[in-house]
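The structure's right below; bear with me while I get my questions together.
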Amino acid sequence: MKIGILSFSWHGKKVAKEEVRLVRVAKKMGHKARVIRVYDCQLLYDGKNPKVLYQGKKFPKFDIIIPRPMILMNVDLHVSIIKQFQLMKIPVVNGYMPVMRAKNKLRTMQILNHEGIAVPTTIVLKDDKYLEDAVKRVGGPPVVIKTPFGSYGAGVVLAETTMSIKSAWSFIKNNTAAGMVLLQEYIKDANGCDLRVFVIGGKVVAAMERQAQEGEFRSNIELGGKGRGLVKIDHQVKKMAIKATKVLGLQVAGVDIIISKKGPMVIEVNSNPGFKALENATGIDVAEKIIQHAVNYAKRYKARNG
Ligand SMILES: Nc1ncnc2c1ncn2[C@@H]1O[C@H](COP(=O)(O)OP(=O)(O)O)[C@@H](O)[C@H]1O
Ligand SMILES: [Mg+2]
């Protein structure tokens, strides 16, 4: 099978290590695979079929494309390339809409809450006139303040006093598209710990507990968090992670789950989750499982669509 790993790395910058690894693993499994770069793609609209040119020439043939959209700004514009491939009848893992939903934390909370999946109490507000009331409603201070588009823990702030809430809120608001900020209940009992549950094709394939480093509440590995592989995963957590990916429409996802006194809650669903730290913590070959899923999906897609 011909597999394309779609890299969103900036022109001139190296592609991500995990993208290279996906190519290597796919080749080891007997497939043809290569990284394709968004920066070398051109979208062509000429009244005929929707097209993408690659480096100014005809787009190479792929049976499946795995996008790795690690972008945080102008997400809708960047990921429209994924939609273009779907219009060209190339199967993708993950698709455009699920990626859009997952990249936007506001949209994620909206869907999860609507589908009855527990999330920390969250209020989205634009005007600081309502800030004091909102802080009370989420049980603060302290509160967690988040940009709708953020990753690696950047854009997630713990504000502990009324004064710091006001200043952090207005700073994030002024640096966020549409000036919409998430104010969230701080899950103190988690103690800087959460779970990263990796779901592929509706099944949990691996999970780890992440512990933030000393003096930090964010458990992101990029911020020095340490991962510990989980051998047994709580049934409720498993069910929750699977349902969260299902309602967002993601085939491959990393679900962040925090355990509060009230039970587990989903804080985020990642549509291009890293897997290196998870592999190190669990010894599970996650890359192989991603490729295997993509190949099976491409076969099913072909059988359905010819
Ligand atoms: N409401 C919260 N209460 C306590 N800790 C939180 C809360 N929200 C996020 N965190 C911590 O911050 C980390 C980053 O938050 P997250 O929403 O996943 O943003 P990012 O997309 O940057 O990873 C989480 O993994 C968790 O450790
Ligand atoms: Mg996260």
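The values are calculated or read from the model by the stated rules, or taken from the named source; none is laboratory data. This structure is a prediction, so every number in the text was calculated from the model and none was measured. Note that each Cβ is placed from the backbone with ideal geometry, even for glycine, and that neighbours are counted across all protein chains shown. What goes into the accessible areas is simple: the full protein's heavy atoms, side chains included, and nothing from ligands, DNA or RNA. Shrake-Rupley method; radii C 1.70, N 1.55, O 1.52, S 1.80 Å.
Consider residue 289 against the criteria (1) out of contact with any Ser or Thr (no Cβ under 9 Å at 6 or more places or on another chain); (2) among the charged types (D, E, K, R); (3) surrounded by 17 or more Cβ atoms within 10 Å (Cβ to Cβ); (4) closer than 23 Å to residue 109 by Cα: it satisfies all of them except one. Which criterion is unmet?
Here residue 289 meets the rest and fails (4).
Something else about it: Determine if the range 1-16 includes at least one residue that is surrounded by fewer than 19 Cβ atoms within 10 Å (Cβ to Cβ) and in a helix (DSSP H, G or I).
Checked the range 1-16: no residue is surrounded by fewer than 19 Cβ atoms within 10 Å (Cβ to Cβ) and in a helix (DSSP H, G or I).
With the checklist (1) exposed (fewer than 15 other Cβ atoms within 10 Å of the Cβ); (2) touching a residue at least 60 places away in the same chain (Cβ under 8 Å); (3) basic (Lys, Arg) in hand, flag the one item residue 196 doesn't pass.
(1)
If a residue has to be open to solvent by 60 Å² or more (accessible area, probe 1.4 Å) and either aromatic (Phe, Trp, Tyr) or on the phi < 0 side of the Ramachandran plot (or both) to count, how many in the range 59-96 make the cut?
Qualifying residue count, the range 59-96: 9.
Can you tell me which residue is surrounded by the most Cβ atoms within 10 Å (Cβ to Cβ) among those in the range 136-176 that are within 16 Å of ligand 2 (Cβ to nearest atom) and hydrophobic (A, V, I, L, M, F, W, C)?
Within the range 136-176, the first condition is being within 16 Å of ligand 2 (Cβ to nearest atom), and the residues that meet it are 144-158.
Filter once more, keeping what is hydrophobic (A, V, I, L, M, F, W, C): 144-145, 149, 154, 156-158.
On the way: 144: 21, 145: 24, 149: 17, 154: 13, 156: 22, 157: 21, 158: 19.
Filtering first and then ranking leaves 145.
Moving to a separate point now. Can you name every residue in the range 209-222 that is open to solvent by 30 Å² or more (accessible area, probe 1.4 Å) and free of Cβ contacts under 8 Å to residues at least 24 places away in the same chain?
209, 211, 213, 214, 215
Could you name every one of the strands (runs of 3 or more DSSP E) located completely within the range 101-215 that has at least 3 residues being under 20 Å from the mean Cα position of the chain (by Cα)?
Qualifying strands (runs of 3 or more DSSP E): 143-146, 181-185, 193-200, 203-211.
Specify the residue that is most open to solvent (accessible area, probe 1.4 Å); the eligible residues are those in the range 223-270 that are in a strand (DSSP E or B), within 12 Å of ligand 1 (Cβ to nearest atom) and hydrophobic (A, V, I, L, M, F, W, C).
Looking at the filtered set, the residue picked out is 259.
Identify, by number, the condition in (1) surrounded by fewer than 17 Cβ atoms within 10 Å (Cβ to Cβ); (2) over 30 Å from residue 275 (Cβ atoms) that residue 114 doesn't meet.
If we test residue 114 against (1) surrounded by fewer than 17 Cβ atoms within 10 Å (Cβ to Cβ); (2) over 30 Å from residue 275 (Cβ atoms), just (2) comes out false.
Anything in the range 148-158 that is more than 22 Å from residue 275 (Cα to Cα) and within 9 Å of ligand 1 (Cβ to nearest atom)? List them, or say none.
If the condition is that a residue be more than 22 Å from residue 275 (Cα to Cα) and within 9 Å of ligand 1 (Cβ to nearest atom), then 158 is the only one that fits.
Evaluate the range 215-222: report whether one residue or more is outside the structural domain of residue 66 (by TED's automatic domain parsing), more than 10 Å from ligand 1 (Cβ to nearest atom) and under 21 Å from residue 119 (Cβ atoms).
Scanning the range 215-222 turns up no residue that is outside the structural domain of residue 66 (by TED's automatic domain parsing), more than 10 Å from ligand 1 (Cβ to nearest atom) and under 21 Å from residue 119 (Cβ atoms).
I would also like to ask the following. If residue 82 meets every condition in (1) of a type in the set (Val, Ile, Thr); (2) part of a helix (DSSP H, G or I); (3) within 20 Å of residue 257 (Cβ to Cβ) apart from one, which number is that one?
(3)
Could you pull out the residue among 20, 99 that is open to solvent by 20 Å² or more (accessible area, probe 1.4 Å) and of a type in the set (Val, Ile, Thr)? Steps first, please.
On the way: 99 fails: open to solvent by 20 Å² or more (accessible area, probe 1.4 Å).
Criteria check complete, one pass: 20.
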